[in-house]
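Here the structure comes first, spelled out in C-alpha cells, and everything after it is commentary.
Taken together, the values in this text are just the output of simple stated rules run on the coordinates, not laboratory data. Not measured: the values here are computed from a predicted model. FYI the Cβ positions are ideal-geometry reconstructions off the backbone, even for glycines, and counts take in every protein chain you see.
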C-alpha cells in the first residue's frame, strides 16, 4: 500500500541567492554563461523535464536584478525574492513562501542546488520513485569512491590518518522531504542561524530521523571552482 496520499504532489525548490565566492566569477556563479546560457537555466530546464513535478520555486536574493530569459523559462516555475544570508535560510524562507501560497504540508519538496546543472531528469525520477513511500524521505548520494584522508594541524597540509571509506557517501541534491516536516526541522534551528545545517538531510537528522540514500551519479557535481565550469560546458555541449 502506498504511503503517499493521492493528493500529495511534488515540488522543486532551488535556492538561488548565493554569491559563489569560490567560483572566481564577476557575478554570482549561477548566472555565469555555460554552453550558451546562464548555468541556472540548464538546472531549471533539467528539473522541468521531470513529469512528476507540479511546480518549481526559485528563491532569489531580495535585491536580485538578473535579467531572466523568458523564452526558455519553464511555465510552471516561479521566482520568489525571499532568499536569506545562507543557503539554509533561503530554503527555510522558500518553504515558508510555499506554505503561505497554500501548498499542502504533506506535499513533497525536492531541494536542488542551482549549481548542479548536470543533474539528469532520470535521476530525479529515480529519487521520487524510491522515496515517495518512505516515512522520512531521502537524497541522491554517491558512495565514496576514493581513499579518504584526515589532515594534521599545521601550516603545511600533511596526512594524519586514512579513514575507512566503507559506508560513507557524498551527499548530492535533490534532497526530498515532506514540505511541512522540513519546514519544522529548519524552524527548530532558525534561532541558531542554522548552525551545523549543511543540507536538508542534516536538519532532518537533528530530528532523530534517517533519510534514505539513493544512488546518484558522479556527473551530478556541484559547479564550485573555475575548472568545474569547463567540465560542465563540455558535458552540456556534448549533450546538445
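A protection proxy built from the mean count of other Cβ atoms within 10 Å ranks the segments 157-168, 7-18, 119-130, most packed first, as 7-18, 119-130, 157-168. In whole Å, how far is the Cα centre of the stretch 137-159 from that of the stretch 176-238? With the stretch 137-159 and the stretch 176-238 each reduced to a Cα centre, they are spaced 17 Å. Calculated from the alpha-carbon coordinates, the stretch 191-237 shows an Rg and a Dmax of 15.6, 44 Å respectively. Put simply, the stretch 97-240 fits an ellipsoid with semi-axes of 28, 22, 16 Å; these come from the alpha carbon gyration tensor as the roots of five times its eigenvalues, largest first. Here 239, 96 are placed in order of increasing Cβ neighbour count within 10 Å, fewest first, which gives 239, 96. According to the Kirkwood relation over distinct C-alpha pairs, the hydrodynamic radius of the chain is 18.7 Å.
In terms of overall dimensions, the C-alpha atoms belonging to the stretch 13-105 reach 39, 29, 19 Å along their principal axes, ordered largest to smallest.
Quick one: length gained pulling residue 73 to residue 210 fully straight, 0.36 nm per residue minus the C-alpha distance?
45.8 nm
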